[in-house]
Amino acid sequence: MLKIGITCYPSVGGSGIIATELGKMLAKKGHEVHFITSSVPFRLELYDPNIYFHEVEMSHYPVFQYPPYDLALATKMAEVIDAEKLDIIHAHYAVPHAICAILAKQMSKHPVKIVTTLHGTDITVLGIDLSMKKMIRFGIEESDAVTAVSNSLVNQTKEMIGVTKDIHVVYNFINEKEYYQNYQQSLKEKYGIGAKEKVIIHISNFRKVKRVDDVVRTFHMVNKSIPSRLLLIGDGPEYRKVYDLVHRLHIEDRVHFLGKQKNIPELLSLADIKLLLSEKESFGLVLLEAMACGVVCIGTNVGGIPEVIRNGETGYIEELGDVNSIANRVIELLKDPQRMKELAESASQYVDNHFSTEMILPEYEKIYYHALGDS
Ligand code: GMT
């Protein structure tokens, strides 16, 4: 069994969820897992004796304008590598986490291997910044193994950053014990949703790239011909703009702004259709969550989304910003309950067959053992 250190952004977000779920599953299999983060990751319960949490403490020196978080993290990683004799540091994000791990490896006495997972934002956002490109390339090339969450992200990383290193695709996965169809009529009633009304859902961090305004415009068109409600879950920088748009379109009595919520499987289970209309998306973990709960997904032809939704088989792929076609697709589907049933069934089957924990966990373990020189 291995001793694995995991570093991620512990707050809500796909990468934090994947890192945390991975740690929990590895611990369950008997590996010793050490989370090294600024706070206890969202979704991490510390009741498993194989799970440890090491908090990165920040000192606020009056001389520094910004607290040196990256250096504090690298120091903490080095301490944990030596004290716990870690075999692997699994860094989620090249910048800053892989860079911190490389520094920690140089500082520590105990030999350790670095496995880095790219989740997209580090490449597609930071990679645009020329000053960061060099740093990202360094983080990738100095890691002992690198994974990315889709083929699209591997190609983008190679094109944008110019790395030649092998990058293994390891898809995101779902905790099937939490994500399943769990419809609760009482919850629907609590939101005042009528028995005949259809429910469309969107979940994100309301960043500009998520194009939540396209979701609202699509819903506006759908709502003209089908009695329906829109559930918007999450919070972020575009929240106010989206709120204003909903009011400008006079659909405020049809749109529910729920903010950040914890009972995502129950909320997803109320929905008929999930929209993810992003302009950048390396994978789209929320799609897997929705598909596992029996929700039909429509996503844009962007990044890794077409690797998650099989167009016409498990959901639909539409062109970015083409609100008319997206709305027509939603209307067509909502009028055809038999088709919806078929799509929902093949989507949840597809998730089971391609993105289950059982399938993905051994892929990460194989990469760890390979990095350590065992095959
Ligand atoms: O999408 C975000 O803004 C959050 C970001 C993150 O770091 O959690 O998500 C990225 O990683 C997720 C987990 O691998 C992927 O499902 C998301 O598609 C990816 N986001 C982008 O590429 C924009």
*Would you please list the contacts, defined by Cβ atoms under 7 Å and residues six or more apart or on different chains, that run from a residue in the range 283-308 that is under 16 Å from VAL330 (Cα atoms) to a residue that is among the hydroxyl-bearing types (Ser, Thr, Tyr) and within 11 Å of the ligand (Cβ to nearest atom)?*
THR300/SER278
*Single residue of LYS262, LYS366, LYS280, LYS274 found to be in the same structural domain as GLN156 (by TED's automatic domain parsing) and either within 30 Å of ILE6 (Cβ to Cβ) or in contact with a strand residue (DSSP E or B) (Cβ under 8 Å, 6 or more places away or on another chain) (or both)*: LYS366
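Table: residues versus (1) closer than 30 Å to SER269 by Cβ; (2) in the same structural domain as ALA290 (by TED's automatic domain parsing); (3) not hydrophobic (A, V, I, L, M, F, W, C).
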{"residue": "HIS90", "(1), (2), (3)": "no, no, yes"}
{"residue": "LYS105", "(1), (2), (3)": "no, no, yes"}
{"residue": "LEU130", "(1), (2), (3)": "no, no, no"}
{"residue": "SER143", "(1), (2), (3)": "no, no, yes"}
{"residue": "ALA148", "(1), (2), (3)": "no, no, no"}
{"residue": "SER152", "(1), (2), (3)": "yes, no, yes"}
{"residue": "THR157", "(1), (2), (3)": "no, no, yes"}
{"residue": "ILE167", "(1), (2), (3)": "no, no, no"}
{"residue": "TYR180", "(1), (2), (3)": "yes, no, yes"}
_Among the residues in the range 130-138, are any of a type outside the set (Lys, Arg) and within 16 Å of the ligand (Cβ to nearest atom)?_
yes
*Go through the residues of the range 145-159 one by one and say whether even a single one is more than 16 Å from the ligand (Cβ to nearest atom) and touching a helix residue (DSSP H, G or I) at 6+ places or on another chain (Cβ under 8 Å).*
yes
*What number of residues in the range 126-159 are farther than 20 Å from ILE360 by Cα, part of a helix (DSSP H, G or I) and touching a residue at least 40 places away in the same chain (Cβ under 8 Å)?*
5
*asked:* Restricting to the range 160-181, count the residues that are away from the ligand (no atom under 13 Å from the Cβ) and either in a loop (DSSP other than H, G, I, E, B) or among the aromatic types (Phe, Trp, Tyr) (or both).
replied: 13
*Restricted to the range 99-122, and to residues that are at pLDDT below 95 and part of a helix (DSSP H, G or I), which residue is surrounded by the most Cβ atoms within 10 Å (Cβ to Cβ)?*
ASP122
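Determine whether GLY234 is more than 13 Å from the ligand (Cβ to nearest atom) and in contact with a Ser or Thr (Cβ under 6 Å, 6 or more places away or on another chain).
Taking the combined requirement at face value, the residue does not satisfy it.
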*Please state which of the following conditions ALA344 fails to meet, knowing it meets all the rest: (1) free of Cβ contacts under 8 Å to residues at least 40 places away in the same chain; (2) crowded, with 16+ Cβ neighbours inside 10 Å; (3) over 30 Å from ILE114 (Cα atoms); (4) not acidic (Asp, Glu).*
(1)
*Provide a single number: the residues in the range 1-24 that are out of contact with any helix residue (DSSP H, G or I) (no Cβ under 7 Å at 6 or more places or on another chain) and over 22 Å from LYS113 (Cβ atoms).*
4
_Any residue that is under 20 Å from SER150 (Cβ atoms), in the same structural domain as HIS220 (by TED's automatic domain parsing) and in a helix (DSSP H, G or I) - is there at least one of those in the range 308-326?_
yes
*In the range 81-98, which residue that is away from the ligand (no atom under 16 Å from the Cβ) and not charged (D, E, K, R) is surrounded by the fewest Cβ atoms within 10 Å (Cβ to Cβ)?*
ALA83
*Could you look through the range 188-210, keep only residues that are in contact with a helix residue (DSSP H, G or I) (Cβ under 6 Å, 6 or more places away or on another chain) and not β-branched (Val, Ile, Thr), and pick out the one that is nearest to MET291 (Cα to Cα)?*
HIS202
*Which one of GLU21, GLU32, GLU45, GLU57 is of a type in the set (Asp, Glu) and within 16 Å of the ligand (Cβ to nearest atom)?*
GLU21
*Which residues, counting only those in the range 9-45, are in a helix (DSSP H, G or I) and of a type in the set (A, V, I, L, M)?*
ILE17, ILE18, ALA19, LEU22, MET25, LEU26, ALA27
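The values are calculated or read from the model by the stated rules, or taken from the named source; none is laboratory data. Worth saying up front: this structure is predicted, and the values here are computed from it rather than measured. All Cβ positions, even for glycine, are placed from backbone atoms using ideal geometry, and neighbour counts span all protein chains on display.
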